[in-house]
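Structure first, commentary second.
No lab work stands behind these numbers, since they all come straight from the coordinates. Nothing here was measured: the structure is a model prediction, and the numbers come from that model. We place every Cβ from the backbone using ideal geometry, glycine too, and count neighbours over all the protein chains shown.
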Amino acid sequence: MTLLPRSLGGRTALVLILALMVVQASGLGIHALDRVDLQRLAQAREITARSFGVWRTAVLAPPAQRMRMIADLDLPDGLTAEIGETPTVTPGMPRPPINVLRLFRLEQLADGRPPPPPPDMDDHRPPPGMDDRRRPEIMGDPPRGRLPPPFARFAPREILIANNGPFGFLASLQLPDGDWVNLRVELPPPRPWHSDTFLAAFILMTCAAVLLILWAVNRLTRPVRVLAAAADRLGRDVNAPPLEEGGPTEIAKAAHAFNTMQGRIRRFVADRTQMLAAIGHDLRTPITRLRLRAEFLDDDEQRRKMLADLDEMEAMIAATLAFARDEAAHEPATALDLAALCRTVADEAVDAHPDIAERIGYAGPEHLVLRARPVALKRALSNLVRNALVYGGAARLSLGAEAGTVRLAIEDDGPGIPETEIENVFQPFRRLETSRNRETGGTGLGLPIARNIFRAHGGDVVLRNRAGAGLTAVATLPA
Amino acid sequence: MDATPHILVVDDDREIRELLGKFLERQGMRVTVARDAREARRVWPLGRYHLVVLDLMMPGEPGLDLARWLRTQSDVPIVILTAMGEETDRIIGLELGADDYVPKPFNPRELHARIRAVLRRAPGGGEGRPKEPPARAITFAGWVLEPARRRLLNPQGTEIPLTGGEYELLLVLLDRPNRVLTRDMLMDLLHNRQAGPFDRAIDVAVSRLRRKLEDDGRNPSVIKTVRGGGYVLSADVVKT
């Protein structure tokens, strides 16, 4: 079923178009059959009438010129006539089926009786078959030779008739002087599509219907796409504007439900943020007090250690608050030189770690401008660089743009991360066991915050172990 | 300036107030404390203060309102204590005319260093006329520096991030355009907190800043090198 379209709209359109094709095909079939019948009937009528014309010409023409005059006649498709001394129909040939005889109104010949009288081309009565009032007269008993004038002299001396194909027959009529008029009737194959305008109109109609279906399906499934887009937006920004609750009942209901859900999520996130902010707030005062108290400790060693502990606590609170607040969502986006940001972060890392300055650097374009939230992006980048320095002892930044995506890589020289853990480290408060010590510290929020920020920008960040040694953090941003 | 600067500390937490008072007194300052904006207004006329340390998060009248009121009274330097991450408070505070900010929980030594630096920069020491409001934007050579937001915009309006050192250096240079500043003067003005007094640090900071300003290092036009060891910011500086 790989041919089935993936989208709801595509599937609906496919079903509707298939149904339309079936309806059109059967309609066309019915029409064609009807047309074929009509065409045959008309051709049969014409052939019948012209056959009598041939006969009359043969009777009236002087025998010497008969052949030429018959040949000069402009006969319709399906009818050929010739004069011969012998009949083409020989005894023993099968008789044409009754349906063919009916078609040519030759039922009377079915049992070997003579044909109906030929129409008088000169009078203005309708051709045979069109005037049913004449039928009883014919159906009565039109014996040979007893036809009323002027028909009497046209009556053939003998009529032989034989089958010829599904819709044709052979007829041999003996002239008064003994020669035979041999008629070969063979209806041309029916051409139900004969009319160009009909086909054009049909194709036009089909195209119009298909276009209408595509338009209607597209319109009908648009709310689904709007809903999907809204869900996607909600994933990035819980404060995204609500959906418009209009349109058909079902759609309006779905939109309303979605908005209600978004409201609940927003409240939930707000409560959580509020709680974390409150904790952070309330911890500020005791930490400040402890800091001040530490300044009055006489034991320098104890004071130093206490201040270090407090620094660590503060860093954890700061990271937790930053994670909870999702600062990226509130900062306005502006034009930012990402290359300058990379250099800034690298320079600050050099200032903080002058001992490994040669292992910190930036390689890439001098300028790369994109729209971003500068404070948030700087935090994300600083987190990645800090991780690289702490766990990998190096931070080499590189920047490049390709196919609408900006790619930012940060390489370190560390041992890397086991492949099984390479996604887990992006979970909040997740730290590798080996790093849970005071030397490296860390809050377990650096990577989640960085990823949140990059994702809020429409990008992402992943980690990759390098074959040689070291880990590379690869961040992408839409250019 | 008096030998002992007089500091007014406004904070709603009693212990912090008292501990900070004791700490600053140990650093050789005179300290008066106030528990809230009302008390601050009450004690304000009773003394001549060289600097106010103001907590923005206080019950009752918000710290920002008190800062606004203080600005109508004098140009006394104000150092605000802001909540960590409360970007808007910090920006409003600086735009109101606070001279510096320290996020809470603060490091007392850092607060002391900031107070010292602000006192050094304020010549009058809290005397006389209310000073002009601080610049919202400083324009030079097509570039714009917004001190409250600590951001630099290039002539195309693109934000160019600066390191802390680059920002401080640029601010010092912009305060004294077209004046030669020796490395020693720059070291002094930058109240360099952690790094040792290496001349090289200044040179590195200048070369980094030049690169950010797209100022050709071999033929600089904005930050020019002066023979004999100094730098000069050569541009028309407009503060708005």
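Annotations for the structure displayed:
- For chain A, the relative contact order works out to 10 percent when only alpha carbon pairs closer than 8 Å and six or more residues apart are counted.
- Peptides ranked, highest mean first, by Cβ atoms within 10 Å: ranges B:74-82, A:179-187: B:74-82, A:179-187
- Per residue of peptide B:15-23, the mean number of Cβ atoms on other chains within 10 Å of the residue Cβ is 4.
- Relative counts (whole %) of C-alpha pair distances in chain A, using bins that are 10 Å wide: 3, 13, 15, 11, 8, 6, 5, 5, 6, 8, 9, 6, 3, 1, 0, 0
- Projected-area mean, chain B, by convex hull of Cα positions, square nanometres: 13.5 nm²
- Counting only other chain Cβ atoms within 10 Å of each residue's Cβ, the peptide A:345-356 averages 3.
- Helical runs (DSSP H, four residues minimum) scored at -39500 (n - 2.57) apiece and divided by the length of chain A put the mean residue ellipticity at 222 nm at -17000 deg cm²/dmol.
- Over 23 Å between alpha carbons, listed pairs A:Lys378/B:Lys239; A:Lys378/B:Lys104; A:Lys305/B:Lys104; B:Lys22/B:Lys104: A:Lys378/B:Lys239
- Packing rank of A:396-408, A:156-168, A:452-464, where each peptide gets the mean count of other beta carbons within 10 Å, highest leading: A:452-464, A:156-168, A:396-408
- Ellipticity estimate at 222 nm from DSSP helix runs (n ≥ 4, -39,500 (n - 2.57)) divided over chain B, nearest 500: -11000 deg cm²/dmol
- 3J(HN,Hα) from dihedral phi, the range A:260-277, Karplus parametrisation 6.51/-1.76/1.60, rounded to Hz, x for glycine, proline: 4, 4, 4, x, 5, 4, 4, 5, 4, 4, 4, 4, 4, 4, 4, 5, 5, 5
- Other protein chain C-beta atoms within 10 Å of residue C-beta, averaged over B:105-115: 4.
- Taking a straight Cα-Cα cut-off under 18 Å and skipping sequence neighbours fewer than 8 places away in the same chain, the lysines within cross-link reach of B:Lys224 are B:Lys212.
- Rounded to the nearest 10 degrees, the inclination of helix B:87-96 to the longest alpha-carbon principal axis of chain B is 90 degrees.
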